Amino acid sequence: RGRPWLRWAAHAGIAAVLIAFMAWASEPERILSDFKKAYYASGSLVIDDPDALYPDGRLAFTNIPIVGWLFIPIAYLPVNAASMVWTALGVAAVAAACWGLIAFAGLTGWRRDALVGLFLINGPLFNSLREGNLTHVVLFALVVALWLLENRRDVPLGVLLGVCVIIKPPLALVAVPLVLRGHWRFAGSFAVTVGGIAGLS
């Protein structure tokens, strides 16, 4: 207790070991394979040749075309620079999601440390980062959705979850209990967002 720096040094050392192990043990073997094969390429193809987004599954792009527009700015960078930018954004999203959950639940002491530890040993989370996927970015959006739900901000909640569903369709299940509880403003903004984005795509 008299040496807080020693406690933080121990935490940082343990975290570094866990991160190194998870980075070594995680898949895929080719780092950022999803990003390079799908998202990075989609940023160019969505304007120049949209039909090439889905050529016999070789591109590995599984979202609707409008998602490719998110990657137009990053497609102007060389692939290595784009990979570093996307990785930095992904790590920032994960850190923000972790911090958001800590603040949302009011965690302190060992409970806060335990949550950080769960993030550090989360295999699917490391896989998503390693693949350069969108899953961990959507995780941060879902943490923001918790705050909106807690504060009964139904309209922005519907818009945010609608965007998440466009990227990860199974998340539509999250809307079901809210609709069943009579959150009609949420239901309206959610339906307009999903329908509008899908129509634009």
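The values are calculated or read from the model by the stated rules, or taken from the named source; none is laboratory data. Values in this document were obtained by computation on a predicted structure and should not be read as measured data. Reconstructed Cβ throughout: ideal geometry from the backbone, glycine too, with neighbour counts over all protein chains shown. Ligands, DNA and RNA are excluded from the accessible area calculation, which covers all protein heavy atoms including side chains. Shrake-Rupley method; radii C 1.70, N 1.55, O 1.52, S 1.80 Å.
Observations
- Counting only helices (runs of 4 or more DSSP H) that sit wholly inside segment 1-89, those with at least 2 residues that are over 24 Å from N127 (Cβ atoms) and modelled with pLDDT under 85 are 4-25, 40-48.
- The single condition from (1) open to solvent by less than 40 Å² (accessible area, probe 1.4 Å); (2) of a type in the set (F, W, Y); (3) under 26 Å from S42 (Cβ atoms) that F186 fails is (3).
- Looking only at segment 86-96, and only at residues there that are more than 22 Å from V17 (Cβ to Cβ) and in contact with a helix residue (DSSP H, G or I) (Cβ under 6 Å, 6 or more places away or on another chain), the one that is least open to solvent (accessible area, probe 1.4 Å): A93
- Residue that is nearest to V137 (Cα to Cα) [pool: residues in segment 157-178 that are open to solvent by 50 Å² or more (accessible area, probe 1.4 Å) and assigned to a helix (DSSP H, G or I)]: V163
- When the test is whether a residue is open to solvent by 40 Å² or more (accessible area, probe 1.4 Å), in a helix (DSSP H, G or I) and β-branched (V, I, T), V143 does not pass it.
Residue-by-condition table, conditions (1) over 27 Å from G68 (Cα atoms); (2) under 13 Å from the mean Cα position of the chain (by Cα):
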site	(1), (2)
T135	no, yes
G182	yes, no
S189	no, no
A198	no, no
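- Taking segment 114-131 as the range and being open to solvent by 40 Å² or more (accessible area, probe 1.4 Å) and of a type outside the set (S, T, N, Q) as the test, the residues that pass are A114, V116, L118, I121, P124, L129, R130, E131.
- Just one of the numbered conditions (1) loosely packed, with under 14 Cβ neighbours inside 10 Å; (2) outside any helix (DSSP H, G or I) is not true of R111: (2).
- Options A198, A114: the member that is free of Cβ contacts under 8 Å to residues at least 24 places away in the same chain and hydrophobic (A, V, I, L, M, F, W, C): A114
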